[in-house]
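Novice: This structure is in structure tokens; I'll ask about it shortly.
The values are calculated or read from the model by the stated rules, or taken from the named source; none is laboratory data. For clarity, every value in this text was computed on a predicted model and none was experimentally measured. Cβ: placed from backbone, ideal geometry, glycine included. Neighbour counts: every protein chain shown.
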Amino acid sequence: MSDAVPCVRAIAYAFPDGTATVRELAARGALESSPATLEAFGFGRVHVAERETPYELALAAASRLLREHDVDPESVGLLIYGGAPAAVAFAPASGASAAAAAGAGTMERFRYPVTRLQYDLGLGGATTFALDQLACTTLLGAVRVARALCLSEGIERALCVASEFFPASAGREAIFNCTSDAACAVLVERGGERNRVVGAHTVTKGYYWDPEAMRDEVVASYFPTARHAIHRTLDAAGWGPADVDWVMPHNVSARSWEILLRLAALPNARLWTDNIARRGHTLAGDNFINLSDAIACGAVTPGQRVLLFAYGFGAQWTGLALEA
Amino acid sequence: MTAVRERPAYLVTGATGLLGAAVVERLLRPSPAPRLFLLVRDPSRWRALAAARVMDVGAAVPVAGDLTRPGLGLDADARATLAREVTGVLHLAADTVFSRPLDESRAVNRDGTARLLDLADSWPGARRFAYVSTAFVAGRRTGRVAEEAADGADGWVNGYEQAKWEAERLVRASRREWVVLRPSTVVCDDARGGVSQPNAVHRALRLYHGGLAAMMPGTDESSLDVVTADYVADAVAALAFRDDLAGETLHLCAGDRALPLGELLDETYALWARDAAWRRKGIARPALTDAATYALFEQAVEETGDARLRTVTRSLSHFIPQLALPKRFDTANADRALGYRAPDPREYWGRLVEGLLESGWRGETGSGTRGAEGFIGCAQGGPPHRDVTTIEANAVTERPRPVPPASGHPRLQRPAKKDLFTDEMLAWLNARYAPPGVTIGAGTPLFKDRLIDSIRILELIAWTERATGRVVEDAQIRMDNFATVARIAETFAADAADAAPEKEEARVALR
């Protein structure tokens, strides 16, 4: 049955054209922390949408995936969308707040990005649904669900798309993490030789559902729970700590990753950090954007064992184990 | 009947502490009992304590004095009486605040000991000098720790350990016949697990239970050496003046029965998990890690944590690194001298944990004079007139140091006006802590009504510091200063109001 193990067949992403350094963001009043603090944590530049809409970026990422990896749209049996909700998905970042207010109680709320994506991409054979409330773990959650449905329902190809913007008025910082607007698409496919998804584990702790009110408790619980989730992911994959070659992080502060890796005790693992400085943290799918770049530059090679891990407010700790 | 002058006469320091009082009780049990002179800063406090413990107030003679003053601050009569009468000294007093800077810790622990030794040298009949030290003079040393002089080569975790080590050296170099008694960490009154005086260990447990601390240096095999107060008191009373122990060092420790950290955490978290409401929160068992990683975590909290979290982490930082320095205290000398061992912590740790939960983390109002109020009552250095001759063994009266306002968080830009401060604090307290149907007013007694406890007080202090832009000084952290919102405003915002321009811009939402 090994040939039936779902794999990550393809990844594509899209960022808005605009960028800003943390110092420029600070000058605009878009940060809570000093730029020096964020730079010390590894952040340099992020992508900031102005004219683009979340939907446009989602469509761009998914279209690119289909095009560059020569995927027949009709072969996709499942489309999962996560990220910006219907009320703001079609509004440019600069008008997101007004769009959200206007769309709250009207038929606007039923203009779903996931079904529009299905149509615009020509995925005539795909059923759809959307994921919500998983924050930075949305795309990991989508892949986890897609993997399960590929196995249980015999779906051959599932396209997972996440697109997340920060409203222009909301600033760019989420508890010492500097954020980019972005979209990312991942194609999960039954069988395949590369990037086989061999394990997944998620821990959900609703006690921490209000991250502002529980800020200190969230910080305190982050590390031990993350270590637990990582180790359970390895267990699910049948790996030992020494088996991990690469960790594809969510792009939160490099300092926190230094602590977590020491805690997790993965003696042979390298952390892919190249994107923290140049892209910052996206809610749409850091782990897969990093994986895509790491494969593209030859850092991750076939057969290597890759751990993807992210934490999402709410609170979710999710790990995914891939054999590259 | 033995003539008065034939009975030995001991000078005891630290008698008003929980442990000191218990030792005095034991010293007075034999018949005939030795004569006791008790060096205390405030004799009336000793009399109140003796009455509270149903002791014969006249059985011991309190002598007004102060370890931090030249000649212990004794008057001429007291000096002459002690010189004439004393046949032995039992030095229990210590400043056990771990976070104290070294120089400040030395003031009582080293320099106070030096003054006492100097004086005892001038007393012709004072043959024995018994010094109650701490097992943690071993500092950063790991492995087996023998009952002998510590070389200090590995350094120390805090100023308390070092100052006590320095004091031990003075004692060993003195001309008097000495004995050194080294308790480890006192965690409860006796093997029933009751806690009269909550200390740093109990507060640390509270933080872990509340999910505010989740990292811990150490390994599953690291051990936490804890003892009961009654064991230490029995041992000190029994050993301090034994002739055959001159020049001996004895560890009053659990020794090889000390609880491995993994076992301790397993039992503790299993007991907490019996509570379905706590279990539902999913609070993680702390991640054990090496000292370097824990230091990184502390650094990260310093850089990113909210004021409350920084306060919590700092409060742990002065003693918790010991957990990453596994050591095993040899107890052969003490066990042989006593003829018995310290109680096995496995016998009482569970009861201790359960008792803390049942008492709402306040411990018990036991025979001690304080501690029932928890954080404010004892953690801030005891009652308003703290007696520096009070010993709490290693039951540390630790309090998190206040911190400046957190960067990146809302705060008042200038000192708060009192009324504004009161309004803002009430809004915050009511939103955060008022039970359903209850409205906290300016005169609502916060502690009496159990609206504020030993954890929430940290938030209250942090909020106050953010609101006023000022650090709340140690000396200001007393229960009466935080009794009501009105009192808090009076104490911390009133003088600030004088300097504050009356501008509405001072109103900034505080979470």
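Novice: Name, by its number, the condition in (1) within 25 Å of B:VAL137 (Cβ to Cβ); (2) within 14 Å of chain A (Cβ to nearest Cβ); (3) in contact with a helix residue (DSSP H, G or I) (Cβ under 6 Å, 6 or more places away or on another chain); (4) surrounded by fewer than 23 Cβ atoms within 10 Å (Cβ to Cβ) that does not hold for B:GLY282.
Specialist: Going through (1) within 25 Å of B:VAL137 (Cβ to Cβ); (2) within 14 Å of chain A (Cβ to nearest Cβ); (3) in contact with a helix residue (DSSP H, G or I) (Cβ under 6 Å, 6 or more places away or on another chain); (4) surrounded by fewer than 23 Cβ atoms within 10 Å (Cβ to Cβ) one by one, B:GLY282 breaks only (1).
Novice: Going through B:ARG5, B:ARG45 one at a time, which residue ends up being assigned to a helix (DSSP H, G or I), at pLDDT below 90 and in contact with an Asp or Glu (Cβ under 7 Å, 6 or more places away or on another chain)?
Specialist: Selected residue: B:ARG45, the only one of B:ARG5, B:ARG45 that is assigned to a helix (DSSP H, G or I), at pLDDT below 90 and in contact with an Asp or Glu (Cβ under 7 Å, 6 or more places away or on another chain).
Novice: Still on this structure, please answer the following. Kindly list, by first and then second residue, each pair from a residue in the stretch A:141-156 that is assigned to a helix (DSSP H, G or I) to a residue that is polar (S, T, N, Q), limited to pairs with Cβ atoms under 8 Å and residues at least 6 apart or on different chains.
Specialist: Sorted first by the residue in the stretch A:141-156, then by its partner, the pairs are A:GLY141/A:THR202; A:GLY141/A:GLN316; A:GLY141/A:THR318; A:ARG144/A:THR202; A:ARG144/A:THR318.
Novice: Sticking with this one: Does A:ALA229 satisfy being under 18 Å from the mean Cα position of the chain (by Cα) and not in a strand (DSSP E or B)?
Specialist: It is true that A:ALA229 is under 18 Å from the mean Cα position of the chain (by Cα) and not in a strand (DSSP E or B).
Novice: Kindly evaluate B:VAL226 against the criterion of being among the β-branched types (Val, Ile, Thr) and assigned by TED's automatic domain parsing to the domain that holds B:THR142.
Specialist: yes
Novice: Go through the stretch A:1-56 and tell me which strands (runs of 3 or more DSSP E), entirely inside it, have 1 or more residues that are in contact with a Phe, Trp or Tyr (Cβ under 7 Å, 6 or more places away or on another chain).
Specialist: A:7-14, A:45-47
Novice: Another question, if that's okay. Of all residues in the stretch A:211-250, count the ones that are modelled with pLDDT under 95 and among the β-branched types (Val, Ile, Thr).
Specialist: 2
Novice: Select from the stretch A:70-94 the residues that are under 11 Å from A:GLU164 (Cα atoms) and in a helix (DSSP H, G or I) and write down the one among them that is modelled with the highest pLDDT.
Specialist: Restricting to residues being under 11 Å from A:GLU164 (Cα atoms) and in a helix (DSSP H, G or I), the top hit is A:ALA89.
Novice: Continuing with the same structure: Mind telling me which of the residues B:ALA237, B:ALA292, B:ALA277 ends up being surrounded by fewer than 22 Cβ atoms within 10 Å (Cβ to Cβ), in contact with a helix residue (DSSP H, G or I) (Cβ under 8 Å, 6 or more places away or on another chain), in a helix (DSSP H, G or I) and within 14 Å of chain A (Cβ to nearest Cβ)?
Specialist: Only one candidate passes the filter, namely B:ALA292.
Novice: Next question. Quick check on the stretch B:254-268. Is at least one of its residues basic (Lys, Arg), in contact (Cβ under 8 Å) with a residue 12 or more places away in the chain, within 13 Å of chain A (Cβ to nearest Cβ) and in a helix (DSSP H, G or I)?
Specialist: no
Novice: Quick one: which of A:VAL300, A:VAL252, A:VAL306 is in contact (Cβ under 8 Å) with a residue 24 or more places away in the chain, surrounded by 18 or more Cβ atoms within 10 Å (Cβ to Cβ), in a strand (DSSP E or B) and outside the structural domain of A:ILE80 (by TED's automatic domain parsing)?
Specialist: Going through A:VAL300, A:VAL252, A:VAL306 in turn, just one is in contact (Cβ under 8 Å) with a residue 24 or more places away in the chain, surrounded by 18 or more Cβ atoms within 10 Å (Cβ to Cβ), in a strand (DSSP E or B) and outside the structural domain of A:ILE80 (by TED's automatic domain parsing): A:VAL306.
Novice: So, one more: Does the stretch A:281-290 contain at least one residue that is in contact with a Ser or Thr (Cβ under 6 Å, 6 or more places away or on another chain) and hydrophobic (A, V, I, L, M, F, W, C)?
Specialist: yes
Novice: Quick one: which residue in B:LEU92, B:LEU82, B:LEU74 is within 26 Å of B:ALA33 (Cβ to Cβ), among the hydrophobic types (A, V, I, L, M, F, W, C) and without any contact (Cβ under 8 Å) to a residue 60 or more places away in the chain?
Specialist: B:LEU74
Novice: Could you list, in sequence order, all residues of the stretch A:164-213 that are touching a Phe, Trp or Tyr at 6+ places or on another chain (Cβ under 6 Å), away from chain B (no Cβ under 11 Å) and under 30 Å from A:VAL244 (Cβ atoms)?
Specialist: Those that are touching a Phe, Trp or Tyr at 6+ places or on another chain (Cβ under 6 Å), away from chain B (no Cβ under 11 Å) and under 30 Å from A:VAL244 (Cβ atoms): A:CYS178, A:THR179, A:ALA182, A:CYS184, A:VAL186, A:PRO211.
Novice: Let me ask you something else. Need pairs with beta-carbon distance below 6 Å; first residue within 30 Å of B:LEU288 (Cβ to Cβ) and within the stretch B:219-239, second acidic (Asp, Glu) and not in a helix (DSSP H, G or I); sequence gap 6+ or separate chains.
Specialist: Going by the 6 Å Cβ cut-off, the qualifying pairs are B:THR228/B:ASP190; B:ALA229/B:ASP189.
Novice: If you go through the stretch A:231-240 one residue at a time, do you hit one that is away from chain B (no Cβ under 13 Å) and at positive phi?
Specialist: Among the residues of the stretch A:231-240, at least one is away from chain B (no Cβ under 13 Å) and at positive phi, which makes the answer yes.
Novice: Another question, if that's okay. What is the one condition in (1) within 13 Å of chain B (Cβ to nearest Cβ); (2) within 21 Å of A:LEU139 (Cα to Cα) that A:PRO249 does not satisfy?
Specialist: All conditions are met except number (1).
Novice: Right, another one. Specify the residue that is nearest to the other protein chains (Cβ to nearest Cβ); the eligible residues are those in the stretch B:328-339 that are touching a helix residue (DSSP H, G or I) at 6+ places or on another chain (Cβ under 7 Å) and surrounded by fewer than 23 Cβ atoms within 10 Å (Cβ to Cβ).
Specialist: Going through the qualifying residues, I end up with B:ARG328.
Novice: Would you please name the residue that is modelled with the lowest pLDDT, looking only at residues in the stretch B:211-234 that are within 14 Å of chain A (Cβ to nearest Cβ) and surrounded by 20 or more Cβ atoms within 10 Å (Cβ to Cβ)?
Specialist: B:ALA214
Novice: Next question, about the same structure. Quick one: A:CYS7 ticks every box in (1) more than 19 Å from A:ALA60 (Cβ to Cβ); (2) surrounded by fewer than 21 Cβ atoms within 10 Å (Cβ to Cβ) except a single one, so which number is it?
Specialist: Only one criterion is unmet by A:CYS7, namely (2).
Novice: Let me ask something else. Return the residues of the stretch A:38-75 that are within 14 Å of chain B (Cβ to nearest Cβ), surrounded by fewer than 20 Cβ atoms within 10 Å (Cβ to Cβ) and in contact with an Asp or Glu (Cβ under 8 Å, 6 or more places away or on another chain); say none if nothing qualifies.
Specialist: Scanning the stretch A:38-75 gives a single hit, A:ALA40.
Novice: Continuing with the same structure: Of all the residues that make up the stretch B:186-200, how many are of a type in the set (S, T, N, Q) and either in contact with a Pro (Cβ under 7 Å, 6 or more places away or on another chain) or crowded, with 24+ Cβ neighbours inside 10 Å (or both)?
Specialist: Result for the stretch B:186-200: 2.
Novice: Of all residues in the stretch B:340-363 being buried (at least 20 other Cβ atoms within 10 Å of the Cβ) and either over 14 Å from B:CYS188 (Cβ atoms) or under 16 Å from the mean Cα position of the chain (by Cα) (or both), which is modelled with the lowest pLDDT?
Specialist: Top of the filtered list is B:GLY363.
Novice: Counting only residues that are in contact (Cβ under 8 Å) with a residue 12 or more places away in the chain and more than 18 Å from the chain's Cα centre (by Cα), how many does the stretch A:3-25 have?
Specialist: Residues in the stretch A:3-25 being in contact (Cβ under 8 Å) with a residue 12 or more places away in the chain and more than 18 Å from the chain's Cα centre (by Cα): 12 in total.
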